[in-house]
Amino acid sequence: MLVSPSLLAADFSNLGKDIEIINNSEADMLHLDVMDGVFVPNISFGFPVMEAVAEVCTKPLDVHLMIVEPEKWISQVRALGADIMNIHQEACTHLYSTVCHIREAGMKAGVTLCPATPVSVLEDIITELDMVLLMSVEPGFGGQKFIPHTLEKVRRLRELIDKTGSKALIEIDGGVNEKTGSELARAGADILVAGSYVFKAPSPAEAIATLKSY
């Protein structure tokens, strides 16, 4: 199992310390949740903070844009050195062309689905994707309770990927802990995003190792 700790749950008064913990852990990447207060009812952090993080983080950057018109920010995300740019299907009018532009910029392209959005909306684009991120909580705030229906949604997405021969990885974000992480792994998930479970743990490195073991 791949693990992508979410910076949203880190200690923003001492980010350098928390990022160093991630650098020295078994984490596979660092998840950056960008919120604009329009697409979601919250604001997180912008490019100045991400640029500072990119300078000290040795893990690949997994950038999740919870914003309107994400296509406008492809070059800026790439300039960070991001490996993955994840955009919401619900926020992108011309999804196919935006995915193509992300890949042309040299990044892996991911598409995120909110809890109420069915995986069937990706049938005509799934073979173009490197990742699909399923939100297992409503986007916008950390610390929410995991939505159980996500497990069935993961299974349906796994069927679609296998049927089409897509190489897309399945990433899950929201309410991930030792229990839900194990269930998601059995359902077919490839990557677990974990915020509070990692950064609020007595030992974030041990929490990451637990998720890695699934």
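One table, with the values for the structure above:
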{"read-out": "Flag if Ser182 is closer than 24 Å to Pro60 by Cα, of a type outside the set (A, V, I, L, M) and not in a loop (DSSP other than H, G, I, E, B)", "value": "yes"}
{"read-out": "Selection within the range 51-74 - open to solvent by less than 80 Å² (accessible area, probe 1.4 Å) and of a type outside the set (A, V, I, L, M)", "value": "Cys57, Lys59, Pro60, Asp62, His64, Pro70, Glu71"}
{"read-out": "Of all residues in the range 186-197 being within 25 Å of Lys17 (Cα to Cα) and part of a helix (DSSP H, G or I), the one that is modelled with the lowest pLDDT", "value": "Ser196"}
{"read-out": "Options Glu183, Glu178, Glu138; residue that is over 15 Å from Ala27 (Cβ atoms), modelled with pLDDT under 95 and surrounded by fewer than 23 Cβ atoms within 10 Å (Cβ to Cβ)", "value": "Glu138"}
{"read-out": "In the range 198-214, the residues that are in a loop (DSSP other than H, G, I, E, B) and open to solvent by less than 50 Å² (accessible area, probe 1.4 Å)", "value": "Ala201, Ser203"}
{"read-out": "Residues being at positive phi and touching a Ser or Thr at 6+ places or on another chain (Cβ under 8 Å) - total across the range 33-56", "value": "0"}
{"read-out": "Unmet requirement for Leu169, which otherwise passes all of (1) surrounded by fewer than 20 Cβ atoms within 10 Å (Cβ to Cβ); (2) out of contact with any Asp or Glu (no Cβ under 7 Å at 6 or more places or on another chain)", "value": "(2)"}
{"read-out": "The range 1-16 - residue that is surrounded by fewer than 21 Cβ atoms within 10 Å (Cβ to Cβ) and at pLDDT 95 or above and, of those, farthest from the chain's Cα centre (by Cα)", "value": "Met1"}
{"read-out": "Cβ pairs under 8 Å, 6+ apart, first in the range 203-214 and more than 19 Å from Glu20 (Cα to Cα), second open to solvent by less than 40 Å² (accessible area, probe 1.4 Å) and among the aromatic types (Phe, Trp, Tyr)", "value": "none"}
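The values are calculated or read from the model by the stated rules, or taken from the named source; none is laboratory data. Please read all numbers here as calculations on a predicted model, not as lab measurements. Positions of Cβ are generated from backbone atoms using ideal geometry, with glycine treated the same way; all protein chains shown enter the neighbour counts. Protein only, heavy atoms only, side chains kept; ligands, DNA and RNA dropped before computing areas. Shrake-Rupley method; radii C 1.70, N 1.55, O 1.52, S 1.80 Å.
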